[in-house]
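**Student:** Structure incoming, see below.
The values are calculated or read from the model by the stated rules, or taken from the named source; none is laboratory data. Bear in mind the structure is a predicted one, so any value in this text is a computation, not a measurement. Neighbour counts run over all protein chains shown; Cβ positions are idealised from the backbone, glycine included. The area values use the complete protein model at the heavy-atom level, side chains included, leaving out ligands, DNA and RNA. Shrake-Rupley method; radii C 1.70, N 1.55, O 1.52, S 1.80 Å.
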Amino acid sequence: DTGVSQDPRHKITKRGQNVTFRCDPISEHNRLYWYRQTLGQGPEFLTYFQNEAQLEKSRLLSDRFSAERPKGSFSTLEIQRTEQGDSAMYLCASSSSYGRTLTGELFFGEGSRLTVL
Amino acid sequence: AQSVTQLDSQVPVFEEAPVELRCNYSSSVSVYLFWYVQYPNQGLQLLLKYLSGSTLVKGINGFEAEFNKSQTSFHLRKPSVHISDTAEYFCAVSGLAAGNKLTFGGGTRVLVKP
């Protein structure tokens, strides 16, 4: 079990550019979540998938944001036409909705830090 | 919908002293409760969780928390802190039928002084 991995760990971009983050969840987990965390704040929910279906999106997820999980494994989060307010840590987490040990726990990756200049 | 309030944004504490981090939640349904720790530039690591059963929950690194349904609280405690406990701590709640989605509090920064 290699845990949740995110790539890249750090991204610096200029305002107006597009960026994409990738998340590889724990292999047997069918649920995948994206959160955003700004400095000094708690993580805020953006969206989650069960297998390849996107089941919920926060109103924080503007039209410039899109997330996909095409084969129910890894996921990508794309931000188009980045703005300085998009600067944050983007956290991915995974969990399982079945099995003998349904714990409700989310397992987090180390995050992708975005800086928009 | 659920919400979480962490009453202290920052808690300075001396090494080997006890610490308590306060967390109150609001929910119209039954919930699971969690405490996560975040070290600088890292993701979140689970400290402990309450799903059901005993209201006193023990976690990793000597932490424990007590679920109080009447007061809608889930305070975190450690009897003796170490320098390595310096981190940010987040309380979180999920509804039992909310797809495991967690709602987090704003966090409490613990600074352990020698």
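**Student:** Take the conditions under 30 Å from B:Leu7 (Cβ atoms), surrounded by fewer than 21 Cβ atoms within 10 Å (Cβ to Cβ), at pLDDT 95 or above and of a type in the set (Ser, Thr, Tyr) and apply them to A:Ser87. Does it pass?
**Tutor:** Yes: the conditions hold for A:Ser87.
**Student:** What's the total number of residues in the range A:4-37 that are within 9 Å of chain B (Cβ to nearest Cβ) and outside any strand (DSSP E or B)?
**Tutor:** Selection size over the range A:4-37: 2.
**Student:** For the range A:38-117, which fully contained strands (runs of 3 or more DSSP E) count at least 3 residues that are under 22 Å from B:Gly43 (Cβ atoms) and more than 9 Å from every other protein chain (Cβ to nearest Cβ)?
**Tutor:** Values: elements: A:44-50, A:53-57, A:65-68, A:75-79, A:88-95, A:112-116.
Ranges flagged: A:44-50, A:65-68, A:75-79, A:88-95, A:112-116.
**Student:** Right, B:Leu102: more than 9 Å from chain A (Cβ to nearest Cβ) and not β-branched (Val, Ile, Thr) or not?
**Tutor:** Numbers: more than 9 Å from chain A (Cβ to nearest Cβ): no; not β-branched (Val, Ile, Thr): yes.
No.
**Student:** Report the residue count in the range B:3-26 for those that are open to solvent by less than 40 Å² (accessible area, probe 1.4 Å) and part of a loop (DSSP other than H, G, I, E, B).
**Tutor:** 2
**Student:** Something else: What are the residues in the range B:29-69 that are touching a residue at least 60 places away in the same chain (Cβ under 8 Å) and part of a loop (DSSP other than H, G, I, E, B), if any?
**Tutor:** Within the range B:29-69, B:Val29, B:Ser30 meet the criteria.
**Student:** If you take the residues in the range A:5-58 that are of a type in the set (S, T, N, Q) and touching a Cys at 6+ places or on another chain (Cβ under 8 Å), which one is least open to solvent (accessible area, probe 1.4 Å)?
**Tutor:** Looking at the filtered set, the residue picked out is A:Gln6.
**Student:** Applying the selection to the range B:57-71, what residues are open to solvent by 60 Å² or more (accessible area, probe 1.4 Å) and either β-branched (Val, Ile, Thr) or within 19 Å of B:Val4 (Cα to Cα) (or both)?
**Tutor:** B:Ile60, B:Glu66, B:Lys69, B:Ser70, B:Gln71
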